Amino acid sequence: MGHERELPARARDVMKAGKLPDRPPDRMWGGPGSGGPCAVCGKTIGTEGVEIELQFMSDEGPHTATYHVHTQCFAAWDNGRRRGGSNGRSLPQGGDGGMMPSRERYTTNQGKRS
């Protein structure tokens, strides 16, 4: 990426500006880049790369806010968020064993025993 040294400051700036929450996401996923901009650095997350999608539920109804970030930008944001006095969890609490409905991918043969 070439700008890793700048990421902690950029992550702090987007949180201070209210462009990205400073609390743990309600849900998060990882996968191929969408081709859109990163919420932390603003650079394109190429389809050949990996992105993390962060989803935050609104306190005022059924609305959600979704942000896409590079993996390195996520690490800078998460580290800054945790240092900023939030509850210290880097991942959302796992109800249902950490599974997120309709987003699971099984990579092993389920139900088969050796």
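The values are calculated or read from the model by the stated rules, or taken from the named source; none is laboratory data. Predicted model, so just to flag it, every value in this text is computed and none were measured. Accessible surface is based on the protein model in full, side chains and every heavy atom, while ligands, DNA and RNA are left aside. Shrake-Rupley method; radii C 1.70, N 1.55, O 1.52, S 1.80 Å.
Proximity of backbone amide H atoms, modeled 1.01 Å from N, is registered between Ala39 and His68, Val69, His70 at under 5 Å, excluding neighbours fewer than 5 places apart on the same chain. Accessible-area rank, largest first, for Ser58, Ser34: Ser34, Ser58, with all protein chains present and a 1.4 angstrom probe.
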